Amino acid sequence: MKFFLLLLTIGFCWAQYSPNTQQGRTSIVHLFEWRWVDIALECERYLAPKGFGGVQVSPPNENVAIYNPFRPWSERYQPVSYKLCTRSGNEDEFRNMVTRCNNVGVHIYVDAVINHMCGNAVSAGTSSTCGSYFNPGSRDFPAVPYSGWDFNDGKCKTGSGDIENYNNATQVIDLGGEPIKSSEYFGNGRVTEFKYGAKLGTVIRKWNGEKMSYLKNWGEGWGFMPSDRALVFVDNHDNQRGHGAGGASILTFWDARLYKMAVGFMLAHPYGFTRVMSSYRWPRQFQNGKDVNDWVGPPNNNGVIKEVTINPDTICGNDWVCEHRWCQIRNMVIFRNVVDGQPFTNWYDNGSNQVAFGRGNRGFIVFNNDDWSFSLTLQTGLPAGTYCDVISGDKINGNCTGIKIYVSYDGKAHFSISNSAEDPFIAIHAESKL
């Protein structure tokens, strides 16, 4: 079914590992390319009050500054050194962000690039976010320092030695065209020069496809993840290409309605640990099947990232989109917190694109992605009472600004959803009971 095929491209789940979020917080948000000062503010003014558990941030280490195309998002994934110096801010601003977010129970998760440096196509020089010299051709990165001895050349088995097809998993994993760091550096402490690890009150998590480990204090190498430390996630960014989780797939959907339903399904379903994307391009523009803005960087003034401003309606301005502030997505983050730990129950589907399911006696959600209306009485598993649909409105001072759903003594409720509705899904939970 098209609805469920869509779900495959939504979200990024780490089902195997404890996310180490504060108790009762079950989702994080990727504030893609935000400045550290804006993230610190967002933690305090919005994320903590709305129940978010953490923020995934863009790579904070020094990277190449690319001007053709002009300052694309991809430059953040081409490291030059491990200095905390990017267009998102400097080390002091990063430290301040980590402290302020942790103080309100929102942990920082770093999108960390530690398995390769910048690509061979980049010319030698000091065109970097902190002015450090580098020469990818000779594998010379003195600001780390790395030299040609520190890399595994010729690993990508293609004619050119570079990635020739980003849909080829083997080529992408081998990271042709970008110097690959020897695996020995994950064990001897040199990678601890990634200073935003233990020194900043955070922990780096390394993903190698088999197990989770974490970067211990300076020079101590890797160890198993303790339960009382904040996590900083590390992943192979290029592994994520084509899976809806990487920077190249910030927003795959030009239909905002479908996007909100898919994120709603992800947040309602008990599987995994969920991450919401918050971007700056919506809708995406396509010509001949190609995204014409594929490499566009964040809103900026001559390369300087713009401040994230908040409009009177609480939605972002200044060219930022901020899907995490859309009421449907924000309320589904709260839904997930409310139903945490409850079983998957009372599944319904019509064999097409109308589905519904519950989470024990704490929540119930219904979707209509068909081309006809939905009208049916379903078993919700919830206690009798009147509930506020958190997709169409909010529960405020005991009243509902949206649709009201009446659950009878036997747990059943009638749902009507037009196929032409702006948001053709309904969600109720224990804390939305009036």
Fill in the blank from the handout: Residues in the stretch 33-63 that are farther than 20 Å from Gly317 by Cβ, of a type in the set (A, V, I, L, M, F, W, C) and either surrounded by fewer than 20 Cβ atoms within 10 Å (Cβ to Cβ) or at pLDDT 95 or above (or both) total 2
Problem - Condition check for Ile334: within 25 Å of the chain's Cα centre (by Cα) and assigned to a strand (DSSP E or B) - result: no
Completion exercise
Residue set Glu178, Glu184; condition touching a Cys at 6+ places or on another chain (Cβ under 8 Å), modelled with pLDDT under 80, of a type outside the set (A, V, I, L, M, F, W, C) and open to solvent by 10 Å² or more (accessible area, probe 1.4 Å); output residue Glu178
Exercise for the section: For residues that are assigned to a loop (DSSP other than H, G, I, E, B) and touching a helix residue (DSSP H, G or I) at 6+ places or on another chain (Cβ under 9 Å), scanning just the stretch 64-74, find the one that is most open to solvent (accessible area, probe 1.4 Å). Expected result: Ile66
Completion exercise
Going through (1) under 25 Å from Phe52 (Cα atoms); (2) open to solvent by 40 Å² or more (accessible area, probe 1.4 Å); (3) assigned to a strand (DSSP E or B); (4) not hydrophobic (A, V, I, L, M, F, W, C) one by one, Tyr348 fails only at (1)
Practice task
Kindly indicate whether any position in the stretch 21-32 is surrounded by fewer than 17 Cβ atoms within 10 Å (Cβ to Cβ), of a type in the set (Gly, Ala, Ser), modelled with pLDDT under 85 and over 21 Å from Glu93 (Cα atoms).
Solution key: no
Exercise for the section: Mind listing whichever residues of the stretch 75-101 are open to solvent by 20 Å² or more (accessible area, probe 1.4 Å), part of a helix (DSSP H, G or I) and in contact (Cβ under 8 Å) with a residue 24 or more places away in the chain? Expected result: Glu91, Glu93, Arg95, Asn96, Thr99, Arg100
Practice task
Return the residue satisfying two criteria in turn: it lies in the stretch 253-269 and is surrounded by 17 or more Cβ atoms within 10 Å (Cβ to Cβ) and not in a helix (DSSP H, G or I), and of such residues it is modelled with the highest pLDDT.
Solution key: His269
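The values are calculated or read from the model by the stated rules, or taken from the named source; none is laboratory data. These figures come from a predicted structure and were not determined experimentally. As a convention, Cβ positions derive from the backbone with ideal geometry for all residues, glycine included, and neighbour counts pool all protein chains shown. The accessibility values were calculated without ligands, DNA or RNA, using every heavy atom of the protein model including side chains. Shrake-Rupley method; radii C 1.70, N 1.55, O 1.52, S 1.80 Å.
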